[in-house]
Amino acid sequence: DAGVTQSPTHLIKTRGQQVTLRCSPKSGHDTVSWYQQALGQGPQFIFQYYEEEERQRGNFPDRFSGHQFPNYSSELNVNALLLGDSALYLCASSLREYTEAFFGQGTRLTVV
Amino acid sequence: KNEVEQSPQNLTAQEGEFITINCSYSVGISALHWLQQHPGGGIVSLFMLSSGKKKHGRLIATINIQEKHSSLHITASHPRDSAVYICAVRGSGSRLTFGEGTQLTVNP
């Protein structure tokens, strides 16, 4: 079992560009959550997907959007990148709320 | 005030010492997680608790639901335990709210 996999691991983008981050959940998991972790801070909840729908959303602007596919994998899209979007983006998967969350290694996004 | 507060923020110990990290929360929860994060970012789940106490190797986690408090203990600490330890609580659904983390450094 490969666990939760995220791609890419590192990414450098320019202000104003758009970025797509990808996440494959652990086998057997159907719920994917995305978190943003700024340097030196705890992760902040962006949104959660279950059954291909956004179920919960944190306090993030509409520039942050996502998608979940029938195989439960997920994408996080960020439009009109700002310098402040530079962070580690973490994906976590679980079986609804019934199991502990498993995390990927994260994608380190740098906006220049 | 954050919904999840951890203490201390930073902790330095000598190898072999007994370590305690505390977590207090102010919201209703269905479960509490203790997580470990190494430099580079990857997060590993250590425990998921909804009551009582769990033990895994040298790690022990306890939770007191009435007092809204949890502790993570490390016995016989080792330099390889050096990492950031994060407390996270699960409210509705499986959304997690994280504390700021405790940076632990264990010196040989």
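Which one of B:His73, B:His56, B:His78 is closer than 20 Å to B:Gly16 by Cα, surrounded by fewer than 20 Cβ atoms within 10 Å (Cβ to Cβ) and within 14 Å of chain A (Cβ to nearest Cβ)? Spell out how you get there, then give the answer.
Details: B:His73 fails: within 14 Å of chain A (Cβ to nearest Cβ); B:His78 fails: within 14 Å of chain A (Cβ to nearest Cβ).
The match here is B:His56.
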### Message
Whether any residue in region B:45-53 is farther than 30 Å from A:Thr9 by Cβ, exposed (fewer than 15 other Cβ atoms within 10 Å of the Cβ) and within 14 Å of chain A (Cβ to nearest Cβ) is what I want to check.
### Response
yes
### Query
Out of (1) within 14 Å of chain A (Cβ to nearest Cβ); (2) out of contact with any strand residue (DSSP E or B) (no Cβ under 8 Å at 6 or more places or on another chain), what's the single condition that is false for B:Gln66?
(1)
### Sole exception among (1) polar (S, T, N, Q); (2) free of Cβ contacts under 8 Å to residues at least 24 places away in the same chain; (3) not in a loop (DSSP other than H, G, I, E, B) for B:Ser70, by number
(2)
### Residues satisfying the stated conditions in region B:82-96, i.e. surrounded by fewer than 21 Cβ atoms within 10 Å (Cβ to Cβ), within 11 Å of chain A (Cβ to nearest Cβ) and either of a type in the set (Ser, Thr, Tyr) or farther than 20 Å from A:Tyr98 by Cα (or both)
B:Val84, B:Ser92
### Message
Name the single residue that is nearest to the other protein chains (Cβ to nearest Cβ) among those in region B:16-44 being in a loop (DSSP other than H, G, I, E, B) and touching a strand residue (DSSP E or B) at 6+ places or on another chain (Cβ under 6 Å).
### Response
B:Gly41
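Every read-out reported here was derived from the displayed coordinates using simple, explicitly stated rules and does not represent laboratory data. Model, not experiment: these values are computed from the prediction. All Cβ positions, glycine included, derive from the backbone under ideal geometry; neighbour counts span all protein chains shown.
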